[in-house]
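For reference, the structure discussed in these notes is given below.
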Amino acid sequence: MGYKKEGISQIEYDELVRIVQQGENSPILLDVREVEEYTDGHIPGIPLLPMGEIVDVIDQFERDEEYIFVCRSGRRSHEVAKFFKSNGFDKVRNYAGGMLEWKSEIKTGEENIVKDLRELYKKGAD
């Protein structure tokens with residue numbers, strides 16, 4: 001099960017698999033790696049918004065949503081979760097193992113690179 005690190009809830013592989021398979025609107029899953037890393041392999045259905053771009057758009061995120069962040073090893077995503085928390089977001093979690101521990105299906109290519117944050121909130125709205 002999960003645990004906390006520096007005040008941020010950490011989730012592990014089995015829990016993330018369950019969340020991905022549910023495919024519901026919440027929590028919002030977000031990959032924070034660089035574009036090249038994402039196109040080399042990512043978890044299907046999880047959109048990309050590189051860590052370096054988040055600072056410029058933090059105010060556009062909906063504060064009442066729950067977010068889970070993913071990166072290569074869990075370090076960058078943990079930093080993003082801490083940044084969100086310091087900006088008033090209470091419902092943030094980190095996938096501690098990152099892509100290094102992801103054992104399920106991966107996709108390659110530019111499946112879902114976020115260009116407009118409103119895209120994050122449309123899942124399942126069609």
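The values are calculated or read from the model by the stated rules, or taken from the named source; none is laboratory data. Predicted model, so just to flag it, every value in this text is computed and none were measured. Positions of Cβ are backbone-derived with ideal geometry, glycine not excepted, and every protein chain shown enters the neighbour counts.
Any residue at all in segment 101-115 that's without any contact (Cβ under 8 Å) to a residue 60 or more places away in the chain and not in a loop (DSSP other than H, G, I, E, B)? No. Entry remark, segment 1-19: residues being under 15 Å from E101 (Cα atoms) and buried (at least 18 other Cβ atoms within 10 Å of the Cβ) number 3 in total.
Are any residues in segment 95-107 surrounded by 14 or more Cβ atoms within 10 Å (Cβ to Cβ) and within 18 Å of E34 (Cβ to Cβ), and if so, which ones? Scanning segment 95-107 gives Y95, G98, M99, W102, K107. Considering segment 38-79, the residues that are assigned to a helix (DSSP H, G or I) and of a type in the set (G, A, S) include one that is modelled with the highest pLDDT, namely S77.
What do you reckon, is E62 in contact (Cβ under 8 Å) with a residue 24 or more places away in the chain, of a type in the set (D, E) and under 17 Å from L120 (Cα atoms)? Spelling it out, E62 is indeed in contact (Cβ under 8 Å) with a residue 24 or more places away in the chain, of a type in the set (D, E) and under 17 Å from L120 (Cα atoms).
Taken over segment 18-41, residues that are closer than 21 Å to G109 by Cα, of a type in the set (V, I, T) and within 13 Å of the chain's Cα centre (by Cα) amount to 3.
Being exposed (fewer than 13 other Cβ atoms within 10 Å of the Cβ) and either at pLDDT below 95 or not in a helix (DSSP H, G or I) (or both), is that true of even one residue in segment 23-34? Yes, segment 23-34 has at least one match.
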